[in-house]
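Derivation of every value follows stated rules applied to the coordinates shown; laboratory data play no part. Bear in mind that the values here come from a model prediction, so they are computed numbers and not experimental data. Backbone-built Cβ (ideal geometry, glycine too); neighbour counts: all protein chains shown.
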Amino acid sequence: MKSIIILSSWGTGSSAVTGYLDKLGAYSCPPHFFTNDQKTPNSYEPLELRNLLNEYVNELDFKFYKDPKPFEELFSNWIEAQSAQASDHGYTHLILKHPLLIFFLPTVYRYCDVSLVYVTRNIDAVETTRKRRNWPENFGKAGALKIHKIMYDLSLKLSKPFLQLPFESFTSNTQTKFELIRYTGLRPTKEQITEAENWIKR
């Protein structure tokens with residue numbers, strides 16, 4: 001079972017990217033967390049995974065609440081159960097999305113066959129989105145800059161390939177979408193592609 005991991009800060013459009021891949025046939029591990037933003041009510045973050053991550057890391061300052069070592073066993077059990085569900089329903093790919101996954105990437109790589117997608121967006125647009133949502137500062141420019149640094153450091157430490165996906169290019173360039181599909185290894189039908197394109201344009 002392949003696992004597509006979507007990493008980003010909040011406000012980058014990663015929910016749209018994840019929803020698009022969900023429509024193309026990736027299993028996004030429902031139920032999802034729903035936000036108070038009418039424009040993007042479905043975050044496409046698996047609710048169980050989000051709750052688990054929030055037990056260990058504070059979203060507001062990225063500080064750990066407790067020793068992260070027990071996370072590994074809990075995550076391994078959860079991903080095994082999700083993979084079984086996906087397989088039972090005929091899926092070939094899981095898709096996991098949450099900013100706090102960046103703090104547990106080594107664990108994710110130990111238990112998943114990963115295709116990592118790092119979604120970026122103009123930093124001012126990220127901050128504008130945060131203000132529109134009236135969300136805390138770490139959900140805007142401040143958090144995005146921290147995550148950029150963590151991602152840069154991890155890219156040097158882990159030496160793993162990943163696809164950087166600028167959201168502006170994703171929404172405006174068909175070739176960027178084709179590259180995303182190719183990179184993830186999804187094999188969507190024409191009907192799924194049409195559904196995903198219509199959904200992203202809503």
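Where helices (runs of 4 or more DSSP H) fall wholly inside the range 113-202, the ranges with 3 or more residues that are of a type in the set (D, E, K, R) are 123-133, 141-158, 174-184, 190-200. Among the residues of this structure, residue 18 counts as one that is crowded, with 20+ Cβ neighbours inside 10 Å and under 29 Å from residue 198 (Cβ atoms). A single member of 129, 92, 120 is among the β-branched types (Val, Ile, Thr) and within 15 Å of residue 21 (Cβ to Cβ), and it is 92. All of (1) assigned to a helix (DSSP H, G or I); (2) within 21 Å of residue 41 (Cα to Cα) hold for residue 103 with one exception: (2). For the structure I just gave you, tell me whether residue 147 is more than 29 Å from residue 195 (Cα to Cα), surrounded by 13 or more Cβ atoms within 10 Å (Cβ to Cβ) and free of Cβ contacts under 8 Å to residues at least 24 places away in the same chain. No, not satisfied. For the range 98-127, residues that are over 19 Å from residue 48 (Cα atoms) and touching a residue at least 60 places away in the same chain (Cβ under 8 Å) total 12. Scanning the range 45-100 for residues that are aromatic (Phe, Trp, Tyr), farther than 20 Å from residue 113 by Cβ and buried (at least 16 other Cβ atoms within 10 Å of the Cβ) yields 56, 62.
Any residue that is hydrophobic (A, V, I, L, M, F, W, C), within 16 Å of residue 153 (Cα to Cα) and in contact (Cβ under 8 Å) with a residue 60 or more places away in the chain - is there at least one of those in the range 75-88? No: zero hits.
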